[in-house]
């Protein structure tokens, strides 16, 4: 409503300065009117130039905002793809966990069956009367037969023991695999959470930038309307100046013609006067000559924090064992990965962003080969503090909490140097 009223006001103002008939009594008055109109036009042109500068500034700022919108949209798309890939990896890991559980159950069942069979054979050999181990040995027909039977019994025992050990090792191996898969799943879920939180943050930023862009659109439209009104005003002023200039030229011609006529009439009158004066003088001279014989000639006429990275890394290590908490920033009561790194740096007076993806742009980037204790090691949806010698400390997952790890346990996206 306010925008419409402003536009209406400008249109009325332009209508008010529409070309009016020129009334003046002299070319000097017309010149004065023309100079006043040219001064008004100059003022209008200054206002138009200011509006055009504003349009240029608004256009540039809107382009910056639109560029941020494109960047945020790309980051959100990248995060969505990462989340989708993690969902697939989590689902695959869950399938592997189910298979590992099935393998564990089968190996455990087989172990128990083998153990039961071994116990029965032992019980059979040592407790069943005529078929006992001693009976079998006593029935040997020779020392060779005795040794063969003893060796046979030892082989049965050794075989049973080996099979039992093999199954126990298989059970242990499958159980460890299941544990590793569960930890991996927890890591993935933590990274997915970080990415989802980052997506929410980026979406909020995107919505904010879109609102700003919309405001720029309105401001640009309003400024362009103002510019159009001022341009129309200048066109009318130019027309009026041309009209006044034409009238001024016409009036000057009239005045020149009147002056010429007046000068001509004055000249003729002067000539007539001189003629009469000459005639009178000649007559007077003749009369004087006649009286005195003398003669006389006529007179002439005139015309524009100080800690080391090692101190930060050592400080971070004292919180190993504390819990992982989604959205947390407490080094003792629980933090997520980016909350952990942010709180560690904050203790030394360094301010870094809250999310893992934002921390990927903090400080300055160095290569992994150049990494030093205290640097940030950034992954997809995760961040850690480098300890040196390929080791990190990080808030890993709900299952493992804050712990040590290997820097290259997953793909490194960036290494950031916060402390110079």
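The values are calculated or read from the model by the stated rules, or taken from the named source; none is laboratory data. Note that the structure is a prediction, hence the values are computed from the model and not measured. Ideal geometry is used to build each Cβ from the backbone, glycine not excepted, and the neighbour counts take in all protein chains shown.
Residues being touching a helix residue (DSSP H, G or I) at 6+ places or on another chain (Cβ under 8 Å), on the phi < 0 side of the Ramachandran plot and in a loop (DSSP other than H, G, I, E, B): count how many of those fall in the range 326-339.
4
Going by the structure shown, is residue 347 crowded, with 20+ Cβ neighbours inside 10 Å and either under 28 Å from residue 203 (Cα atoms) or in the same structural domain as residue 313 (by TED's automatic domain parsing) (or both)?
Spelling it out, it is not the case that residue 347 is crowded, with 20+ Cβ neighbours inside 10 Å and either under 28 Å from residue 203 (Cα atoms) or in the same structural domain as residue 313 (by TED's automatic domain parsing) (or both).
Any residue that is touching a helix residue (DSSP H, G or I) at 6+ places or on another chain (Cβ under 6 Å), within 30 Å of residue 187 (Cα to Cα) and surrounded by 14 or more Cβ atoms within 10 Å (Cβ to Cβ) - is there at least one of those in the range 53-70?
No, the conditions are met nowhere in the range 53-70.
Residues are listed down the side, and each one gets a yes or a no for (1) closer than 23 Å to residue 195 by Cα; (2) out of contact with any strand residue (DSSP E or B) (no Cβ under 6 Å at 6 or more places or on another chain); (3) assigned by TED's automatic domain parsing to the domain that holds residue 236; (4) modelled with pLDDT of 85 or more:
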residue	(1), (2), (3), (4)
52	no, yes, yes, yes
67	yes, yes, yes, yes
70	yes, yes, yes, yes
89	yes, yes, yes, no
93	yes, yes, yes, no
100	no, yes, yes, no
106	no, yes, yes, no
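Considering each of 223, 253, 239, 214 in turn, give the residue that is buried (at least 16 other Cβ atoms within 10 Å of the Cβ), at pLDDT 85 or above and either assigned to a helix (DSSP H, G or I) or not assigned by TED's automatic domain parsing to the domain that holds residue 105 (or both).
Just one listed residue meets the conditions, 223.
Within the range 353-402, considering only strands (runs of 3 or more DSSP E) that don't extend past its boundaries, which have at least 3 residues that are crowded, with 19+ Cβ neighbours inside 10 Å and touching a strand residue (DSSP E or B) at 6+ places or on another chain (Cβ under 7 Å)?
Result: 376-379, 382-388, 391-397.
So in the range 277-310, with the set limited to residues that are surrounded by 14 or more Cβ atoms within 10 Å (Cβ to Cβ) and outside any loop (DSSP other than H, G, I, E, B), which one is modelled with the lowest pLDDT?
288
Output yes when any residue across the range 198-214 is at negative phi and in contact with a strand residue (DSSP E or B) (Cβ under 7 Å, 6 or more places away or on another chain), and no when none is.
Within the range 198-214 (the criterion being at negative phi and in contact with a strand residue (DSSP E or B) (Cβ under 7 Å, 6 or more places away or on another chain)), the answer is no, since none of the residues qualifies.
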